[in-house]
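None of the figures in this text is laboratory data; all of them are computed from the coordinates on show. Keep in mind that this is a model prediction, so the values were computed, not measured. In this analysis, Cβ positions are derived from the backbone assuming ideal geometry, glycine residues included, and neighbour counts consider all displayed protein chains.
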Amino acid sequence: MERTLFIVKPDGVQRGLIGECLSRLERRGLRLVGLKFMQITPELAAKHYAVHLGKSFYEKLIGYITSGPVAVMAWEGPNAIALARQTMGATAPGQAAPGSIRADLAVEIGRNLVHGSDSPETAAFEIGLYFPEDELVSWKRETDKWIFE
């Protein structure tokens, strides 16, 4: 099983899309193992986006992700990272595949609704930023046998 972090960003929260995003990942077959509604602090945002430090969009990114509450989730399943990213769609909504969250619901890259981990290493780091291990719940669904081989 692989785990990934998924965030409904402030624009998604303001537009009332938490349930829509969560539902798409559930329907995809991923299993929710962590969920919290929170305000990201500038300090936490700086840790999360440290890889972008020095880039032209860094300050704007920090300002945006801290501008309102977010819904932070940890999901698991086989190939969870790739499946979540496919469900999200490409970073630029105009390039996202039809049926993805960003293609269906977003217009601009700066308001693209969601964030998802891009690799196993990133997922481990990001999940650790938002969820102490005791806040993640490992569990089995009765339907898992119909979803996972």
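Quick rundown of the values:
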item: Subset of region 128-143 [touching a residue at least 12 places away in the same chain (Cβ under 8 Å) and either in a loop (DSSP other than H, G, I, E, B) or touching a strand residue (DSSP E or B) at 6+ places or on another chain (Cβ under 7 Å) (or both)]; result: Y130, F131, E135, L136, V137, S138, W139, R141
item: Some residue of region 103-119 being under 22 Å from D134 (Cβ atoms) and assigned to a strand (DSSP E or B); result: no
item: Count of residues meeting criterion [hydroxyl-bearing (S, T, Y), crowded, with 16+ Cβ neighbours inside 10 Å and closer than 15 Å to I65 by Cα] in region 1-50; result: 1
item: Within region 31-64, tally of residues that are over 19 Å from E121 (Cβ atoms), outside any strand (DSSP E or B) and either touching a strand residue (DSSP E or B) at 6+ places or on another chain (Cβ under 8 Å) or among the charged types (D, E, K, R) (or both); result: 6
item: Members of region 1-30 that are part of a loop (DSSP other than H, G, I, E, B) and under 18 Å from E121 (Cα atoms); result: M1
